[in-house]
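Enquirer: Handing you a structure now.
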Amino acid sequence: MLILITYDVSTTSSIGQSRLRRVAKVCQNYGQRVQNSVFECVVDPTQFAELKIKLKSIINEKEDSLRFYQLGNNHKNKVEHVGIKESIDLECPLIL
């Protein structure tokens, strides 16, 4: 299923800047960045639960926010892209 993750992490302190980097790094392990604080991740239910636990353990709920949008398995009909930075199909094999 496709999950869209958005986050806003307070960076007014060095601790907040560290949280921001850690959140981005965890998200990169599960999907691709499509905007500065937005990731698309194709995960199964177990991976999604694991991802949420990891991210919730990083953020400060009094200063930061996370949003998880579950677009499901038929996501190709639900996502439309216009402009630069065309995304890759996370379900296809990558050839490097």
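The values are calculated or read from the model by the stated rules, or taken from the named source; none is laboratory data. A quick note: this is a predicted structure, and the numbers were derived from the prediction, not measured. Quick reminder, even Gly has a Cβ in these numbers, built from the backbone with ideal geometry, and neighbours come from all protein chains shown. SASA here: full protein model, heavy atoms, side chains in, ligands and nucleic acids out. Shrake-Rupley method; radii C 1.70, N 1.55, O 1.52, S 1.80 Å.
Enquirer: Name the residues in segment 25-58 that are touching a residue at least 12 places away in the same chain (Cβ under 8 Å) and either in a helix (DSSP H, G or I) or hydroxyl-bearing (Ser, Thr, Tyr) (or both), would you?
Expert: Val26, Cys27, Tyr30, Ser37, Pro45, Gln47, Phe48, Leu51, Lys52, Lys54, Leu55, Ile58
Enquirer: Just give me the residues in segment 19-43 being at pLDDT 95 or above, open to solvent by less than 40 Å² (accessible area, probe 1.4 Å) and of a type in the set (D, E, K, R), in sequence order.
Expert: Arg19
Enquirer: Conditions first: (1) over 15 Å from Phe68 (Cα atoms); (2) outside any helix (DSSP H, G or I); (3) open to solvent by less than 30 Å² (accessible area, probe 1.4 Å). Gly16 passes all but one, so which condition is the exception?
Expert: In the conditions (1) over 15 Å from Phe68 (Cα atoms); (2) outside any helix (DSSP H, G or I); (3) open to solvent by less than 30 Å² (accessible area, probe 1.4 Å), Gly16 misses (2) alone.
Enquirer: Still on this structure, please answer the following. In segment 44-80, how many are open to solvent by less than 40 Å² (accessible area, probe 1.4 Å) and either among the basic types (Lys, Arg) or modelled with pLDDT of 95 or more (or both)?
Expert: The total comes to 7.
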